[in-house]
Amino acid sequence: MIELQGLTKVYGGKTVVDDVSLTVGQGEFCVLIGPSGCGKSTTLKMVNRLVPLTSGRIVLDGEDVTTLPAEQLRRRIGYAIQSIGLFPHWTVAENIAVVPKLLKWPKARIADRVEELLALFQLDAAEFRDKYPHQLSGGQAQRVGVARALAADPSVMLMDEPFGALDPITRDVLQAELARVHRETGKTIIFVTHDMDEALKLATRIAILNEGRLVQYDRPIELMFEPADDFVRDFLGKADLGLKLLTRRWVHQYVAPAPWADRKASMGELRDIVASHGHVWLVDGEGRPEGLFGARLWRADGDPLGELSRVHPDWMATPDMSMKEALSRMVWRRILALPVVDEQGRLSGEVTMAGVMGRQSEGQAA
Amino acid sequence: MTQAAAFAPLRRGGGRGVLLVVLTAVLVGLVLFMEELEPLFRAWFPDLDNPLYRRETFLRLTLDHIVLVLVSSAISVSVGVAAGLFVTRRAGREFEPMVSAISAIGQTFPPAAVLAIVVPLAGFGFVPTIVALTLYGLLPVVQNTIAGLGTVPPATLEAARGTGMSPRQILLRVELPLAMRVIIAGVRVSVIINIGTATIGSTVGAQSLGTPIIAGLVGDNIAYVIQGAAVVGLLAIVTDMAFERLERRFTFG
């Protein structure tokens, strides 16, 4: 756990960080976000005192570390940056071992730790241990950069736009990997970015800064439902706030019982179900969705039983899929409902366009 | 080992290593056995009564020359690197323009002019020559030290600070190793310049390979000039090649 208390930084009469206080609990993933020049990076660098504090206090695991010598403090806090900054004259293993070496760990323990971290980031130790930074791709280099930050098992990790310089595909992969590493290690992380999608993907808490001040510090969903002011609302992006919200919602939260019938059902039975539900899923002998009557947008005014649609594999939703993706599939396939299937591919429920709307307003009222 | 394997290093850029060995052998041979070449010089310059410099052995002249270069370069390098380090630290940053200017002046001043100034103050011989050579060799060392430290990427420095290295650890483990190639290139230029320039020390009585050259110029004996110049030239080439190999050891990425 780390507490920032009244952090203030004044550069030549200009206050760039103004009384920022926030507590990041054990295992939280806190994202500092805001427009350029909002002081998010400066705030982060004040935590390990790469930027000296004008005033304020930092409490790390209950201990006031504001007056601890900066070098000692930094060896207890992991630090990863956008430009990575691997030492070009050292191998991957030597780069990762920097802080353990400074802390004078025994050689064998350092070697074990390097292996462990390479494995954590899915880099083959035999292949990568003795490589030099210039032999690595951008994604591999940043994995090593993050591994270096984790090397001495710090209780807190600081990350300053670590994925900002990577191409979008590599960035996605590394975001997913960082989320996994966060789950597996339970590290407390403070992460700076200017990319709201990245923040929503990774954060358990988001701190929005503007002009050096902390505007709002909340869980992602709370932030979206109750923005503190117009700045936050604008920053979240008015235009696709609804879609952003759905990146934090999951299919299993929206699933409803699906109207279904066996493929051998009579037209009369089908007509009864369609009359009450508007559409019906046809399932095969194993309970897998096979066809759909109704719920197709361009047939809304015609007879729902006029045309059978075959269920396409792209239609299926799984309980752990994000609602953004489910919605995207509905829009792309122009259907008003998606079948939700279990691991065996059996129909276990459905998510509907109407359901998305219903849940959304429910949340808003709450 | 098969013959092919034995010669593998030669084919992999080892050619220059062989050249260095050959040239060093020629240099040593020339220094030790210059006398044996007397018939050659006699045939080349039939008009000269003494076509071979004999007032001092070439071994003695070469060793004196090397001492002049070593002493002056040692001073240039230690003062130059120290000055370069000082002006790239936070405390000394404001002195950078001054230090650069002083070392530039040291280089633009012709060594002959420095001798003219220093001789009345320090007398003839070794000392004024060392002063002139030291001043002359300072600029490349200072400039390359500053430039070399400047090539260390800011991200690497930030990462080094972020990991909790002390300023001293950052200098010794990160900055100097990464700047070493450029610093050595500066030392290389400085030493090569001084190997050539040390010959003028003979005009103020410091014995060096310049001694036969000056004697030859004064006494109208081209053979003396050629003998001195050949050894100086070879010494410079061999030293330069050795430095090149040293530099390559500090190339990363």
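The values are calculated or read from the model by the stated rules, or taken from the named source; none is laboratory data. Here the structure is a predicted model, which means the values were calculated and not measured. Every residue, glycine as well, gets a Cβ built from its backbone with ideal geometry; the counts of neighbours run over all protein chains shown. The area values use the complete protein model at the heavy-atom level, side chains included, leaving out ligands, DNA and RNA. Shrake-Rupley method; radii C 1.70, N 1.55, O 1.52, S 1.80 Å.
Is the stretch A:159-168 home to any residue that is in contact with a strand residue (DSSP E or B) (Cβ under 9 Å, 6 or more places away or on another chain) and on the phi > 0 side of the Ramachandran plot? The answer is yes; a qualifying residue exists.
Of the helices (runs of 4 or more DSSP H) lying entirely inside the stretch A:182-261, those containing at least 2 residues that are of a type in the set (A, V, I, L, M, F, W, C) span A:196-202, A:220-225, A:230-236, A:241-247. Select from the stretch A:36-72 the residues that are over 19 Å from A:Val10 (Cα atoms) and in contact (Cβ under 8 Å) with a residue 60 or more places away in the chain and write down the one among them that is farthest from the other protein chains (Cβ to nearest Cβ). The residue in question is A:Gly62.
Hey, does the stretch A:217-227 have a residue that's modelled with pLDDT of 85 or more, of a type in the set (Ser, Thr, Tyr) and out of contact with any Leu (no Cβ under 6 Å at 6 or more places or on another chain)? No; the residues of the stretch A:217-227 include none that is modelled with pLDDT of 85 or more, of a type in the set (Ser, Thr, Tyr) and out of contact with any Leu (no Cβ under 6 Å at 6 or more places or on another chain).
Only a single criterion out of (1) on the phi < 0 side of the Ramachandran plot; (2) open to solvent by 10 Å² or more (accessible area, probe 1.4 Å); (3) not charged (D, E, K, R) is not satisfied by A:Ile58, namely (2). When the residues of the stretch A:339-360 are filtered to those that are in contact with a strand residue (DSSP E or B) (Cβ under 9 Å, 6 or more places away or on another chain), hydrophobic (A, V, I, L, M, F, W, C) and touching a residue at least 60 places away in the same chain (Cβ under 8 Å), the one that is surrounded by the most Cβ atoms within 10 Å (Cβ to Cβ) is A:Val351. Scanning the stretch B:145-163 for residues that are assigned to a loop (DSSP other than H, G, I, E, B) and either free of Cβ contacts under 8 Å to residues at least 24 places away in the same chain or more than 16 Å from A:Leu86 (Cβ to Cβ) (or both) yields B:Pro153, B:Thr163. Screening A:Ala165 against (1) farther than 23 Å from B:Glu158 by Cβ; (2) over 11 Å from the mean Cα position of the chain (by Cα) leaves a single unmet condition, (1). Annotation: A:Leu202 fulfils all but one of (1) farther than 26 Å from A:Pro227 by Cα; (2) open to solvent by less than 20 Å² (accessible area, probe 1.4 Å); the unmet one is (1). Out of (1) on the phi < 0 side of the Ramachandran plot; (2) not in a helix (DSSP H, G or I), the odd one out for B:Arg188 is which? The one condition B:Arg188 does not meet is (2). I'd like the residue in the stretch A:280-321 that is at pLDDT 85 or above and among the small types (Gly, Ala, Ser) and, out of all such residues, is nearest to the chain's Cα centre (by Cα). The extreme case among them is A:Ala317. Those helices (runs of 4 or more DSSP H) of the stretch B:1-97 in which 3 or more residues are modelled with pLDDT of 90 or more and crowded, with 16+ Cβ neighbours inside 10 Å occupy B:15-32, B:58-88. Candidates in the stretch B:149-178 are the residues that are under 25 Å from the mean Cα position of the chain (by Cα) and surrounded by 15 or more Cβ atoms within 10 Å (Cβ to Cβ); of these, the one that is farthest from A:Lys104 (Cα to Cα) is B:Leu149. Looking across the stretch A:134-151, the residues that are open to solvent by less than 20 Å² (accessible area, probe 1.4 Å) and not charged (D, E, K, R) come down to A:Gly139, A:Ala141, A:Gln142, A:Val144, A:Gly145, A:Val146, A:Ala147, A:Ala149, A:Leu150, A:Ala151. Where helices (runs of 4 or more DSSP H) sit wholly within the stretch A:73-160, those with at least 3 residues that are more than 10 Å from every other protein chain (Cβ to nearest Cβ) and over 29 Å from the mean Cα position of the chain (by Cα) occupy A:107-120.
Select from the stretch B:110-138 the residues that are without any contact (Cβ under 8 Å) to a residue 40 or more places away in the chain and open to solvent by less than 30 Å² (accessible area, probe 1.4 Å) and write down the one among them that is nearest to B:Phe95 (Cα to Cα). Within the stretch B:110-138, the match that is nearest to B:Phe95 (Cα to Cα) is B:Val114. If I go through the stretch A:314-338 residue by residue, how many of them are part of a strand (DSSP E or B) and surrounded by 20 or more Cβ atoms within 10 Å (Cβ to Cβ)? Residues that pass the stated criteria total 4.
Open to solvent by less than 20 Å² (accessible area, probe 1.4 Å) and touching a strand residue (DSSP E or B) at 6+ places or on another chain (Cβ under 7 Å): is that true of A:Ile96 in this structure? Taking the combined requirement at face value, the residue does not satisfy it.
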